[in-house]
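Following: one structure in structure tokens, then a few remarks.
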């Protein structure tokens, strides 16, 4: 097999097209931490954000290699286009990459803070449970959703939640904790629904129930993410919902068939769910005359993540 073909198969196994959305999920946690724990100096959160983004990428890649290794016999019958069924690599290599990337992800997160390392270990636990049970039970999609829901917590566990536990932060009220929990819940709903839809990806034709049942939580995830702004400033909340709703509309119409195309579009659009929160936040900062790298990242990272994800999907499959 040509080296270029093997490299493309390796990139597809790593699901590189989804890595921009992983980084965006981590940044959502940074934005929440900076917002709810002022003043947090940039010299504190920028290095942590970069380090945790690397940790999240390593954890995500580890989960994908582990999943392909565990499903290699099933894939030989249902997904023969994947690398292991084609014999491009040995199964031991994938298991080794999964272990190395997983340990490296936990270590990098742990170097940021003990709490971040603990969250990374919890993500690994969710990956293991999902990998073991996802072909047998539908509830395993909740484990996949939990992996994404925990990404913002990589930062929040120390900033500001760490201060809340120790009393170093004046926050920590139930209201603040609820504001932090709702974005995590939105991510869980979105990914769990998407994973539910993807369960039928290799079935022709896909069960209609899977398509219909997945739409409601996908739409609901946007409302959950926008809950903070819808309550206090409905116009800003609606502003954040518009791009997300428009993309869902495209996924349910133009990209609805074949199912793998819809799944790929939904995966690429995940940063728009983060943007439901980050876009109103950006405009709120504009109204206070703040234009700095933090504001620009909140404003530009989600749409750039969508564009880069769609471009990478041309290189390697997202699923």
## Note on the structure
By the Cα gyration tensor axes a ≥ b ≥ c (a/c under 1.5 gives rounded; else a/b larger than b/c gives prolate, otherwise oblate), the shape of the stretch 219-319 is oblate
### Query
Shape of the stretch 1-53 from its Cα gyration tensor (a ≥ b ≥ c, root eigenvalues): rounded if a/c is under 1.5, otherwise prolate when a/b > b/c, or oblate?
prolate
## Note on the structure
Per GNM of the chain with C-alpha springs under 10 angstrom, the most fluctuating residue out of 92, 115, 240 is 92
#### Entry: Mean Cβ neighbour count within 10 Å, used as a protection proxy, ranking 225-233, 271-279, 28-36 highest first
271-279, 28-36, 225-233
### Task
Treating the angle as unsigned and between 0 and 90°, give the value, to the nearest 10°, between the Cα long axis of helix 42-70 and the longest Cα principal axis of the chain.
20
### Task
Would you mind calculating the gained length between residue 43 and residue 311 on full extension (0.36 nm times residue separation, minus the Cα-Cα distance), in nm to one decimal?
93.3 nm
### Helix axis angle, 259-268 relative to the chain longest principal axis, alpha carbon, degrees
30
### Query
Angle between the Cα long axis of helix 270-287 and the longest principal axis of the chain, 0 to 90 degrees, nearest 10?
20
### Query
What value, in deg cm²/dmol to 500, does the helix sum -39500 (n - 2.57) over DSSP H runs of n ≥ 4 give at 222 nm once divided by the residues of the chain?
-25500 deg cm²/dmol
### Query
By counting other Cβ atoms within 10 Å of each Cβ, how are 94, 45 ranked from fewest to most?
45, 94
### Summary
Cα gyration tensor of the chain diagonalised, 5x eigenvalues square-rooted, in angstrom largest first, produces semi-axes 32, 23, 17
### Query
Quick one: what do you get for the stretch 45-86 if you divide its Cα Rg by 2.2 N^0.38 Å?
1.65
### Query
Is the stretch 5-138 rounded, prolate or oblate when judged by the Cα gyration tensor, a ≥ b ≥ c being the square roots of its eigenvalues, rounded requiring a/c under 1.5 and prolate requiring a/b larger than b/c?
prolate
### Message
I'd like the FRET efficiency for residue 238 and residue 292, computed as 1/(1 + (r/R0)^6) with the beta carbon distance as r and R0 of 25 Å, rounded to 0.05.
### Response
0.45
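Rule-based calculations on the coordinates, nothing more; no lab input. Bear in mind that the values here come from a model prediction, so they are computed numbers and not experimental data. All Cβ positions, even for glycine, are placed from backbone atoms using ideal geometry, and neighbour counts span all protein chains on display.
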